[in-house]
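Novice: Here it is, the structure in full.
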Amino acid sequence: MRKLVFATNNDHKLRELKELLNSEFELLSLNDIGCSEDIPETGPTLEINAGQKSFYIWDKYLLNCFADDTGLEIEALSNEPGVYSARYAGDDKSATANMNKVLEKMASETNRKAQFRCVISLVIDGQEKQFEGIVEGQILTEKHGEAGFGYDPIFMPDGYELSFAEMAAADKNRISHRGRAVEKLVGYLKHLK
Ligand code: IMP
């Protein structure tokens, strides 16, 4: 089985990705390869940050790797929080504080349109390829549901009456930004020889 590092230690994401990859690859986390340092994510765009992470692993460990970077882009807030989604309300990366900040800023806003955008940077033998996945939806006026992570309780994908945090993991994975980007990644990997 082919080995591939996923440059994350986020258990939610690892579980999601293992389901999506259907055991096609042996997925290794940063813990699995003994990488315990904080990989820099200092770029102004999702594309630059994703590449920064995957090249960090390639340069240091010479292992094929992919990394993702996601932003919640809210139309009425000029695509904020975007690349700053994790730290929107402060460096402690609190999901509750981040959601509260969005809900406050959106309190009197009628345009609730938003999207999650995920960029995956894959580095194979030092060559990079990127994949993008987008899911469009609405910012709810209050939190709904307990599942998932991050902004899931306040995001309702178009075509559904449930927030991401009210959906079963498999249903979210099928339509999510990361699910769509991973689908492209897996399609590409399957044709690699
Ligand atoms: P990351 O680049 O995937 O770490 O995502 C940055 C931030 O976006 C996270 O800290 C979360 O707040 C948010 N985020 C990413 N993916 C999701 C998701 O699937 N649901 C809800 N929030 C997410």
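Novice: Restricting to region 68-87, give me the number of residues that are polar (S, T, N, Q) and surrounded by fewer than 17 Cβ atoms within 10 Å (Cβ to Cβ). Spell out the reasoning first.
Specialist: Filtering region 68-87 for residues polar (S, T, N, Q) gives 70, 78-79, 85.
Next, only the ones that are surrounded by fewer than 17 Cβ atoms within 10 Å (Cβ to Cβ) stay: 78-79.
Number satisfying all stated conditions: 2.
Novice: Could I ask something else about it? Hey, does region 46-67 have a residue that's in a strand (DSSP E or B), at pLDDT 95 or above, open to solvent by less than 20 Å² (accessible area, probe 1.4 Å) and within 12 Å of the ligand (Cβ to nearest atom)?
Specialist: yes
Novice: Mind listing whichever residues of region 21-45 are assigned to a strand (DSSP E or B) and either at positive phi or without any contact (Cβ under 8 Å) to a residue 60 or more places away in the chain (or both)?
Specialist: Keep residues of region 21-45 that are assigned to a strand (DSSP E or B), which gives 25-28.
Within region 21-45, E26, L27, L28 qualify.
Novice: Quick check on this structure: which one of Q130, Q115 is over 27 Å from K60 (Cα atoms), more than 11 Å from the ligand (Cβ to nearest atom), of a type in the set (S, T, N, Q) and in contact (Cβ under 8 Å) with a residue 60 or more places away in the chain? Walk me through it before giving the result.
Specialist: Values: Q130 fails: over 27 Å from K60 (Cα atoms).
It is Q115.
Novice: Filter region 109-122 for residues that are part of a strand (DSSP E or B) and touching a Leu at 6+ places or on another chain (Cβ under 9 Å); which is farthest from D69 (Cα to Cα)?
Specialist: Taking region 109-122 first, the residues part of a strand (DSSP E or B) are 113-122.
Those still in the list that are touching a Leu at 6+ places or on another chain (Cβ under 9 Å) too: 114-120, 122.
Numbers: A114: 17, Q115: 14, F116: 10, R117: 8, C118: 6, V119: 5, I120: 7, L122: 12 Å.
Of everything passing the filter in region 109-122, A114 is farthest from D69 (Cα to Cα).
The values are calculated or read from the model by the stated rules, or taken from the named source; none is laboratory data. Fair warning: this is a prediction, and the values are worked out from it, not measured in the lab. Methodologically, a virtual Cβ is constructed for each residue, glycine included, from the backbone with ideal geometry; neighbour enumeration extends over all protein chains shown. Surface areas here come from the heavy atoms of the whole protein model, side chains and all, with no ligands, DNA or RNA. Shrake-Rupley method; radii C 1.70, N 1.55, O 1.52, S 1.80 Å.
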